[in-house]
Amino acid sequence: MYAQALEDEFARDVRVGLTRAGQKTLSCRYFYDDVGSALFDAITCLPEYGLTRSDARLLRRHASDIVARVPARVVLAELGSGSGAKTRPLLEKLRRRQDVVYYPIDVSPAALEHCARELAPLATVVPLEANYLEGLEQVVERRAAGETLLVLFLGSTIGNFEPDAAIDFLAAARARLAPGDALMLGTDLVKPREQVLPAYDDPAGVTAAFNLNLLGRINRELDADFDLRQFQHLARYDAEAQRIEMHLLSLTGQTVTVRKADLVVEFLPGETIWTESSHKFRPEQIAPIARASGFRLDRQWIDCEWPFAESLLRAE
Ligand code: AVJ
């Protein structure tokens with residue numbers, strides 16, 4: 001999509017989210033500009049945020065096992081590859097068996113460049129700058145006869161979707177695949193509140209900066225005048241809904257103008273903007289999600305240090 005169309009879409013989403021009756025919202029999709037991506041990388045290094053290390057540990061530990069479960073002549077695609085660091089052990093194992101083609105799919109050109117540079121020695125890297133489903137379509141178009149696809153969807157990004165939307169998304173991915181193709185789904189698991197909450201409310205304030213940067217991005221890209229010092233990061237855990245919620249709390253009554261969204265918006269003191277939900281899963285919830293979206297759960301690997309699951313789903 002062209003830059004202008006992307007900006008229009010951003011402006012539209014901001015207008016809709018901030019004029020909604022009741023709870024104001026902004027989409028977590030917009031966290032990841034250059035500043036936000038750098039802050040997310042910093043989050044993954046925090047001692048409180050075990051998620052990324054757990055994901056990487058599972059893929060490292062079980063790389064041989066995973067590779068043994070996918071047929072020869074597999075092609076790898078990754079939805080939201082970022083720098084591709086977690087994928088390296090899989091490529092290392094696979095290349096002993098076959099030449100590997102790897103399609104990282106990401107909306108960030110910087111991430112794709114980083115990923116291509118890191119992994120080019122291990123595989124033929126074909127970066128696709130696209131959203132997940134568009135990118136997947138491009139991969140499928142390039143598939144040769146006899147090739148199987150292994151799609152990686154790691155990092156518990158699926159947890160950002162509402163439960164129904166998660167199934168819709170996986171079904172849409174499944175619709176682009178053929179029977180026998182596979183999807184590796186990384187999901188953060190339910191864990192004690194004392195373990196999960198600090199991961200989203202770290203004492204150094206990195207997650208707070210990540211959350212507040214969304215307002216900074218709106219200022220920069222949509223010519224707005226949010227005073228970031230008048231908002232506060234808030235993370236809460238809803239155990240029943242199995243999700244972390246992140247909000248931005250308005251510290252005073254204030255009026256904000258977003259010029260490129262034709263918007264003037266009032267905040268009451270104590271009012272919040274809901275910016276992200278991060279759903280957590282129980283291991284036994286994955287098989288029904290897989291079935292509801294046209295897959296079968298083939299195998300699951302779990303890390304107990306930071307409860308997290310990799311689930312290999314097979315397209316039926
Ligand atoms: C990249 C979506 C997995 O939900 O844990 C990190 C994003 N938000 N800290 C998550 C995030 C706050 C992250 N995901």
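The values are calculated or read from the model by the stated rules, or taken from the named source; none is laboratory data. Quick caveat: nothing in here was measured; it's all calculated off a predicted structure. Here the Cβ positions follow ideal geometry from the backbone for every residue, glycine too, while neighbour counts run over all protein chains shown. Surface accessibility is based on the protein's heavy atoms, side chains included, excluding ligands, DNA and RNA. Shrake-Rupley method; radii C 1.70, N 1.55, O 1.52, S 1.80 Å.
The heavy atoms of C45 present about 100 square angstrom of accessible area, all protein chains included, probe 1.4 Å. If one puts a single equal scatterer on every Cα of segment 95-187 and applies the Debye formula without solvent, what log₁₀ I(q)/I(0) results at q = 0.13, 0.14, 0.22 Å⁻¹? Summing over Cα pairs of segment 95-187 leads to -0.48, -0.56, -1.32. Scalar couplings 3J(HN,Hα) for segment 100-105, obtained by applying the Karplus form with A = 6.51, B = -1.76, C = 1.60 to θ = phi - 60°, are 10, 10, 10, 10, x, 10 Hz; x denotes Gly and Pro. Once you've got the GNM for the chain with C-alpha springs shorter than 10 Å, pick whichever of T255, T187, T275 has the biggest mean-square fluctuation. Per the Cα network of the chain with a 10 Å cutoff, T255 tops the list. Taking loop as defined by DSSP and a crowding limit of 15 other beta carbons within 10 Å, which chymotrypsin sites (Phe, Trp or Tyr not before Pro) in segment 230-316 fit? Sites meeting the loop and neighbour criteria: none at all. Dimensions of the chain along the principal axes, based on C-alpha atoms and rounded to the nearest Å, stand at 62, 44, 34, largest first. What's the whole-number percent of alpha carbon pairs in segment 109-160 lying beyond 13 angstrom? Summing the P(r) tail past 13 Å for segment 109-160 gives 69 percent.
Residue-wise HN-Hα couplings along segment 73-82, as the Karplus relation 6.51 cos²θ - 1.76 cosθ + 1.60 with θ = phi - 60° gives them from phi, are 6, 9, 10, 9, 10, 10, 7, x, 5, x Hz; Gly and Pro carry x.
Relative to its Kirkwood radius, the Cα radius of gyration of segment 1-92 gives an Rg/Rh of 1.11. Accessible area per residue for the chain, computed on protein heavy atoms with a 1.4 Å probe, is 45 Å². Expressed as a whole percent, the accessible surface of the chain that belongs to carbon and sulfur atoms is 52, based on a 1.4 Å probe. Among the GluC sites (Glu not before Pro) within segment 189-261, those in coil by DSSP and having at most 12 neighbouring Cβ atoms inside 10 Å are E240. Within the chain, antiparallel bridges make up roughly 65 percent of the DSSP beta bridges whose residues both belong there. Taking the convex hull of the alpha carbon positions in segment 1-49 and averaging its projected area over all directions gives 4.7 nm².
Farthest toward the positive end of the dipole of segment 1-149, out of T148, G84, S64, is the Cα of S64, where the dipole comes from beta carbon charges about the Cα centre. I need the fraction of alpha carbon pairs in segment 160-316 separated by more than 26 Å, rounded to a whole percent. Beyond 26 Å sits 44 percent of the P(r) for segment 160-316. A Gaussian network model of the chain, with springs between Cα atoms under 10 Å, assigns the largest mean-square fluctuation among R96, R73, R291 to R96.
Straight distance only, please: which lysines reach the Cα of K191 with their own Cα at less than 26 Å, same-chain residues fewer than 8 apart left out? Reachable lysines: K86, K280. At full extension, R117 and E7 could sit 36.7 nm farther apart than now, given 0.36 nm per residue minus the alpha carbon distance.
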